[in-house]
Amino acid sequence: MFAVGIDISKSKSTIAIIKDGEVFNKPFTINHSQEGFEYFKNTLKDVDKSEIKIVMESTGIYHLPLLTKLLENDYFVCVENAFLLKKYFDVYLRKAKTDNLDSLKLAKYCFEKWYSLKPFSMSSQNYQELLFLSRQYDQFTALKTKSKIQLTNLIDITFPEFSSCFNEDKNQLFLMLDILEKFYHPSLVLKHTEKSFFNIIDKLAQKRGVRTSARISTYLYSLSQNILSARPQNSSTKLIVKACIDTIRGLEEATENILTQMDEIASTLPEFKIVSSMTGVGRKTRSRLIAEIGDIRRFDSANSLIAYAGIDTPPYQSGNFYATERHITKRR
């Protein structure tokens, strides 16, 4: 038996190998590159792959390049939960920590748990793609929220109360951005007659499919005559406001494209129609729900799915005592 422990870092990994309970060789470090992988393969080139098992810690994304390469080459790889490994390492009295020691601990774990290790299996490509897109959607949404907050702060100093006449509808958001790009300062509104300004807003509203252009025009023209701006109408103000507007437009387009791509992929999966018909599940939720759960066929029952989400309550009994109020099992 060749038990291999791999301690993952951002762009390199330290590898320890134990053969039949004894350290096979000194731990060594490889880069996450083709050359590094070939070095690892050559170390065990004379060993049948059926005699090799590899354990690595789940580290978010850092372990994925090496994991993918190992699976492509038909190695048995167990990606273990980080918290579970931490508890296992706690049995050591000395708390020294180096990459070499951690890789040896992982190799020992692999040797001791040899018969209970479960191989990592890549989900189907569709589920992997959905999960990747879902995580990117989260990142873009966070950026979009920050950009909108920045724009709100800019409006407060360049054209206070400008956004008060717009609601959360997406078309109204884009209309607001279109108008703000042209009239980022009250003085720009007052350069036009009321009728001329109304015509400009009406054309922009028609383009976005908004039917409340008269109300918006009246509000903004009246506001421009009374509001005080903390910023002058100059090239610096224009530059920053336009940059923020362009950022929001780009992020809105990116998130919309991601959702469209996710729907195209998810629509090919058997559970898509069922998830789409669930109460409270809309377009933004259905594909992302499938992405996070993965292939639902791997769960034996509804209770298994609830346990996977971590919202079940663990039993607690000691003697004649049975606890009835317990925290959920999910760890933070």
query: Structure shown: which of Lys182/Lys203; Lys53/Lys108; Lys207/Lys273; Lys10/Lys118; Lys41/Lys86; Lys10/Lys49 lie over 22 Å apart, alpha-carbon to alpha-carbon?
result: Lys207/Lys273; Lys10/Lys118; Lys41/Lys86; Lys10/Lys49
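Can you flag which of Lys26/Lys113; Lys144/Lys191; Lys144/Lys242 are past 27 Å Cα-Cα?
On the way: Lys26/Lys113 22 Å; Lys144/Lys191 32 Å; Lys144/Lys242 15 Å.
Long pairs (Cα-Cα over 27 Å): Lys144/Lys191.
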query: Any idea what angle helix 213-226 forms with the longest principal axis of the chain, computed on alpha-carbon atoms, 0 to 90 degrees, nearest 10?
result: 80
Cα extents of region 69-225 along the three principal axes, largest first (Å): 82, 37, 21
query: Hey, what did the chain get for relative contact order, percent, Cα under 8 Å, at least 6 apart?
result: 15
Efficiency of FRET from Cβ geometry, Lys95 and Arg283, R₀ 51 Å, rounded to 0.05: 0.55
- request: For helix 235-266, report the angle its Cα long axis makes with the longest principal axis of the Cα atoms of the chain; keep it between 0 and 90° and round to the nearest 10°.
  value: 50
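Quick check: residue separation of Phe83 and Thr141 times 0.36 nm, minus the Cα distance between them. What number comes out in nm? Walk me through the numbers on the way to the answer.
Details: separation 58, 0.36 × 58 = 20.88 nm, distance 2.88 nm.
Taking Phe83 through Thr141 to full extension adds about 18.0 nm, to one decimal.
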query: Points 7 angstrom from Cα along the Cβ direction at Lys170 and Glu112: gap in nanometres?
result: 5.3
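From the Cα gyration tensor of region 153-228, with a ≥ b ≥ c the square roots of its eigenvalues, which class applies: rounded if a/c is under 1.5, or else prolate if a/b is larger than b/c, or else oblate?
Numbers: a/c = 1.79, a/b = 1.17, b/c = 1.53.
Cα axes put region 153-228 in the oblate bin.
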Dmax and Rg, reported as Rg then Dmax, of region 234-332 (C-alpha, Å): 22.0, 78
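Between Lys238 and Gln34, what FRET efficiency follows from the Cβ-Cβ distance if R0 is 41 Å, with the result rounded to 0.05? Before the final figure, lay out the partial values.
Working: r = 50 Å, r/R0 = 1.21.
So, using R0 = 41 Å, E works out to roughly 0.25.
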task: May I ask you to compute the full-extension gain from Glu129 to Lys49, defined as 0.36 nm times their residue separation minus their alpha-carbon distance, rounded to one decimal in nm?
output: 25.9 nm
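How far, in nm, would the chain grow between Phe272 and Thr324 when pulled straight, counting 0.36 nm per residue and subtracting the alpha carbon separation?
Numbers: separation 52, 0.36 × 52 = 18.72 nm, distance 3.66 nm.
Answer, rounded to one decimal: 15.1 nm.
Return the tail of the calculated pair distribution for the chain, meaning the percent of Cα-Cα pairs more than 38 Å apart. Mind showing how you got there, number by number?
Working: 24649 of 54946 pairs.
It works out to 45 percent of all Cα pairs.
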- prompt: Rg and Dmax of region 93-176, using alpha carbons, in Å: what are they?
  reply: 25.3, 68
query: What is the calculated FRET efficiency for Thr212 to Ser187, with r their C-beta to C-beta distance and R₀ = 22 Å, to the nearest 0.05?
result: 0.35
query: So what is log10(I(q)/I(0)) for region 1-156 at q = 0.10, 0.13, 0.21 1/Å, when the Debye sum runs over its Cα atoms only?
result: -0.44, -0.65, -1.39
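Could you tell me the relative contact order of region 174-283? Use alpha-carbon pairs under 8 Å, at least six residues apart, and round to a whole percent.
On the way: 55 pairs, mean separation 28.5, N = 110.
Reported as a whole number, the value is 26 percent.
Here, each number is a calculation from the coordinates, and none is a lab measurement. None of the values given here were measured: they were computed from a predicted structure. A quick note on method: Cβ atoms are made from the backbone with ideal geometry, for glycine too, and the neighbour counts reach across all protein chains shown.
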